[in-house]
Amino acid sequence: MEKDLPQSVLFCCDHNAVRSPMAEGIMKKFYGTETYVQSVGVKNDLEIDGFSIAVCQEMDVELSRHRSRSFDEMEQWGDDLSSFDLVIALSPASQRRALELTRFFHLDVEYWPILDPTGIGEGRDAKLTQFRAARDQIIKRLTDRFGEPTQPQI
């Protein structure tokens with residue numbers, strides 16, 4: 001069953017290096033250009049995580065060109081928070097920041113508690129398993145919220 005897609009969605013997490021870029025990339029792959037999708041972090045102090053790139057590459061989602069940015073930088077770059085229909089926070093800190101920033105606007109903020117896979121697991125295989133788990137949580141949340149992908153999945 002297809003659900004109404006918002007016009008624009010902003011995903012946010014702590015550093016815009018793991019969860020929110022994965023959510024942004026997967027949403028774009030699933031629903032195409034029907035929705036304007038961006039992602040930010042509370043802070044921008046990390047580059048995109050290589051494991052995020054790897055587990056998204058497995059499903060043909062390209063993240064290697066992603067540039068991390070914070071809420072503050074987003075506004076400097078001309079994306080106004082109030083122009084988003086929906087903000088989806090993937091971490092407690094980003095939920096707090098989003099609620100703080102949106103108290104001036106009428107904006108829907110949803111909280112999706114997605115596992116932070118960083119720092120869990122010893123060795124590459126164990127780390128990939130954790131990142132896949134986070135990716136799969138995002139996929140499940142997306143399809144529960146927005147319905148099956150509208151774009152053909154190759």
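When both residues are 6+ apart or on different chains and their Cβ atoms are under 6 Å apart, which pairs have a first residue that lies in region 88-113 and is closer than 14 Å to Arg19 by Cβ, and a second that is open to solvent by 70 Å² or more (accessible area, probe 1.4 Å) and of a type outside the set (A, V, I, L, M)?
Sorted first by the residue in region 88-113, then by its partner, the pairs are Ala89/Tyr111; Gln95/Tyr111; Trp112/Arg141.
For region 29-49, how many residues meet the condition of being among the small types (Gly, Ala, Ser) and open to solvent by 10 Å² or more (accessible area, probe 1.4 Å)? I'd like the intermediate steps shown before the answer.
In the first step, residues of region 29-49 are kept if they are among the small types (Gly, Ala, Ser); the result is 32, 39, 41.
Of the ones still in play, those that are also open to solvent by 10 Å² or more (accessible area, probe 1.4 Å) are 32.
Number of matching residues: 1.
Of Ile26, Ile88, which residue is of a type in the set (A, V, I, L, M), under 12 Å from the mean Cα position of the chain (by Cα), within 18 Å of Arg132 (Cα to Cα) and crowded, with 22+ Cβ neighbours inside 10 Å? I'd like the intermediate steps shown before the answer.
Values: Ile88 fails: within 18 Å of Arg132 (Cα to Cα).
Every option except Ile26 fails the conditions.
Give region 97-131 a look and list any residue that's of a type outside the set (Lys, Arg), under 16 Å from Ser39 (Cα atoms) and not in a loop (DSSP other than H, G, I, E, B), or say none.
Ala98, Leu99, Leu101, Thr102, Asp108, Val109, Glu110, Tyr111
Among helices (runs of 4 or more DSSP H) lying entirely in region 1-84, which contain 1 or more residues that are farther than 20 Å from Arg97 by Cα?
Values: elements: 19-31, 50-57, 71-76.
Once the helices (runs of 4 or more DSSP H) in region 1-84 are filtered for at least 1 residues that are farther than 20 Å from Arg97 by Cα, what remains is 19-31, 50-57.
Please identify the pairs in which a residue from region 47-67 that is under 11 Å from Lys127 (Cα atoms) and at pLDDT below 95 has its Cβ atom under 6 Å from the Cβ atom of a residue that is of a type in the set (D, E, K, R) and open to solvent by 50 Å² or more (accessible area, probe 1.4 Å), counting only partners at least 6 apart or on another chain.
Listed pairs, sorted by first residue: Phe51/Lys127.
Would it be correct to say that Ser52 is touching a helix residue (DSSP H, G or I) at 6+ places or on another chain (Cβ under 8 Å), more than 18 Å from Ala93 (Cα to Cα), open to solvent by 20 Å² or more (accessible area, probe 1.4 Å) and among the hydroxyl-bearing types (Ser, Thr, Tyr)?
Working: touching a helix residue (DSSP H, G or I) at 6+ places or on another chain (Cβ under 8 Å): yes; more than 18 Å from Ala93 (Cα to Cα): yes; open to solvent by 20 Å² or more (accessible area, probe 1.4 Å): no; among the hydroxyl-bearing types (Ser, Thr, Tyr): yes.
Against the criterion (touching a helix residue (DSSP H, G or I) at 6+ places or on another chain (Cβ under 8 Å), more than 18 Å from Ala93 (Cα to Cα), open to solvent by 20 Å² or more (accessible area, probe 1.4 Å) and among the hydroxyl-bearing types (Ser, Thr, Tyr)), Ser52 does not qualify.
The values are calculated or read from the model by the stated rules, or taken from the named source; none is laboratory data. What you see is a predicted model; the values in this text were computed from it and never measured. Neighbour counts run over all protein chains shown; Cβ positions are idealised from the backbone, glycine included. Areas reflect the complete protein model, heavy atoms only, side chains present, ligands, DNA and RNA absent. Shrake-Rupley method; radii C 1.70, N 1.55, O 1.52, S 1.80 Å.
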